[in-house]
1. Which of the residues that make up the range 38-55 are without any contact (Cβ under 8 Å) to a residue 40 or more places away in the chain and surrounded by 16 or more Cβ atoms within 10 Å (Cβ to Cβ)?
2. Somewhere in the range 124-146, is a residue closer than 17 Å to PRO96 by Cβ and among the small types (Gly, Ala, Ser)?
3. Take the range 28-62 and flag every residue that is within 18 Å of ASP123 (Cβ to Cβ), more than 14 Å from the chain's Cα centre (by Cα) and assigned to a strand (DSSP E or B).
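Please treat every number below as a calculation from the coordinates, not as lab data. All of these numbers come straight from a predicted model, not from anything done at the bench. Note that each Cβ is placed from the backbone with ideal geometry, even for glycine, and that neighbours are counted across all protein chains shown.
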Amino acid sequence: MSVSTYPKDRITALVLAGGRARRMGGKDKGLIPLVGKPMIAHTLRALENQAARVIINANRHLDRYRAIGNCPVIMDPVIEGEKDEGSAEAIAFAGPLAGMASGLEASTTPLVLTVPCDAPLLDETLGPRLHAALEREKAEIAVAHDGKRLQPTFALLTRPLLPDLLAFLTQGGRKIDRWYATRHTLSVDFSDRPRGFANINNPEDLERLEAMLEHRAPSGVS
């Protein structure tokens, strides 16, 4: 699908920044500096032509995210039946599926494109290619595959899935792959562009990526 035929106005982009980032020492990954900008800023730039609207899902530092993205920032939903020592803070951080549910609920478009906040090399063809596959196969979910494994948070979701996702979460479901397996989910081959799924899981990943970006400015990163 060419960019000219990509229905950007039918798509909301959801950036998932609601995790605890334990392997990063609990730091808020989206706000960690990368070549002079918060990491999420690189991801947001790559999304500029992939959606009519952007929403950030976060569970802390909401004002900082609003300032960076100049867009709505939403928290994870309070899941019915979820209890964790009675703490509202503990009820949040329910995982990326909870963030997806919040995004589907907040969106007014029929499709929601989800990406993690720590994807600074995000490919600008992600949305168009997922959408083309979704339409071709009449699927409910299209998920990127980098040639080695599925990248479950890089996905295009149809908004009518919201009630089913909320029911899955209410029943204690947290695993993305298990929910995907219950729906018409399509794996989309991105083995020709694996770099777009590089993410930051630990300080070593951050150090390597920063060193690479200091020597060259790949597409979508400046």
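1. Initially, the range 38-55 is screened for residues without any contact (Cβ under 8 Å) to a residue 40 or more places away in the chain, giving 38, 41, 44, 48.
Hits for the range 38-55 are PRO38, ALA41, LEU44.
2. Yes, because at least one residue in the range 124-146 is closer than 17 Å to PRO96 by Cβ and among the small types (Gly, Ala, Ser).
3. LEU34 - this is the single residue of the range 28-62 that is within 18 Å of ASP123 (Cβ to Cβ), more than 14 Å from the chain's Cα centre (by Cα) and assigned to a strand (DSSP E or B).
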